[in-house]
Structures are given as structure tokens and as C-alpha cells.
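What follows is a single structure, written as C-alpha cells, with notes after it.
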Amino acid sequence: MSKAVDLELKRAFTELQQKMLETTHKLKLADVQIDNLKRSMQHAQLTEKEISSLDPGTNTYESVGRMFILTDIPEVCKHLQTKSQACSEKIKTLESNKSYLERSLKDSENNLREMVQQRKEMAQESS
């Protein structure tokens with residue numbers, strides 16, 4: 001009977017360990033995505049600031065795929081603001097997902113601790 005319980009604990013332990021590894025990987029991925037979005041948002045804001053200081057009659061070009069289209073300054077600024085807002089919303093979504101993953105990781109760690117504690121108690125009882 002104790003061997004069956006021991007095998008069950010071992011299987012549950014490996015499952016929880018795998019879940020922890022996956023969660024840690026997802027957290028690192030979310031951090032990388034957040035950093036990239038922050039850089040993109042900062043780039044859009046800096047570009048908008050520089051373009052806003054130009055003379056209104058200045059020719060500005062916006063890239064579309066592999067070509068550039070002549071676009072007036074207010075339109076370019078509007079597109080940059082939209083891009084910045086989209087990045088900000090994605091960052092909020094990723095951060096909320098990241099907090100969920102962190103809670104999940106803590107739960108997994110607590111479950112592992114409980115499992116180890118149960119195993120110790122069972123070993124002491126059988127001795």
C-alpha cells in the first residue's frame with residue numbers, strides 16, 4: 001500500500017514540477033514581449049515628437065510594406081499615437097496574464113511543499 005501511495009506522490013510531484021517549468025517559461029516569454037512592446041511604444045512616441053516639430057509643409061513618408069507613401073504630418077502623428085495606444089493595451093494584457101502566471105507558480109510551489117511535507121509525515125509514521 002505504501003508503495004502505491006509513494007508512486008502516486010512521485011507522479012503528482014513530476015506533474016507539478018513540469019507545470020512549474022512551463023509557467024516559468026511563459027513568465028520569461030511575457031517579460032520579453034513586454035520589453036519589446038515598451039521599446040516599440042517609446043520609438044513611436046519619440047518619432048511623433050520629432051515629426052511634430054517639423055514645418056507643416058514638410059514632405060513626410062510613411063512606410064507601407066516595402067514602399068513609402070507621401071503622408072501629411074497630422075496623419076503620421078495619428079498613426080503613431082494609435083500604435084502607441086495599441087502597445088500600451090497589449091502591455092496591460094500581458095501584465096495581467098503575467099500576474100496570473102505568478103499566482104499559478106506560487107500555487108504550484110505551495111503544492112510541491114505540501115506534497116513533500118506529506119511524504120515526510122508518511123515516512124515518519126511508517127517508521
What number of residues within the range 80-102 are surrounded by 14 or more Cβ atoms within 10 Å (Cβ to Cβ) and either within 19 Å of residue 43 (Cα to Cα) or among the aliphatic types (A, V, I, L, M) (or both)?
9
Identity of the residue in the range 1-51, within 24 Å of residue 111 (Cα to Cα) and polar (S, T, N, Q), that ends up least open to solvent (accessible area, probe 1.4 Å)
23
Out of (1) closer than 30 Å to residue 11 by Cβ; (2) not in a helix (DSSP H, G or I), the one residue 61 does not meet is (1)
Using the structure shown, decide if residue 111 is assigned to a helix (DSSP H, G or I), farther than 30 Å from residue 46 by Cα and among the polar types (S, T, N, Q).
yes
Tabulated pairs, the range 64-88, first closer than 16 Å to residue 52 by Cβ and modelled with pLDDT under 95, second of a type outside the set (S, T, N, Q) and open to solvent by 90 Å² or more (accessible area, probe 1.4 Å), C-beta under 7 angstrom, 6+ apart or interchain:
71/61; 73/56
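The values are calculated or read from the model by the stated rules, or taken from the named source; none is laboratory data. The shown structure was predicted, so the numbers you read here are calculated from the model rather than taken from an experiment. When we count neighbours, we look across all protein chains shown, and the Cβ atoms used for this are built from the backbone with ideal geometry, even at glycine. Keep in mind that these areas ignore ligands, DNA and RNA; they rest on the heavy atoms of the full protein, side chains included. Shrake-Rupley method; radii C 1.70, N 1.55, O 1.52, S 1.80 Å.
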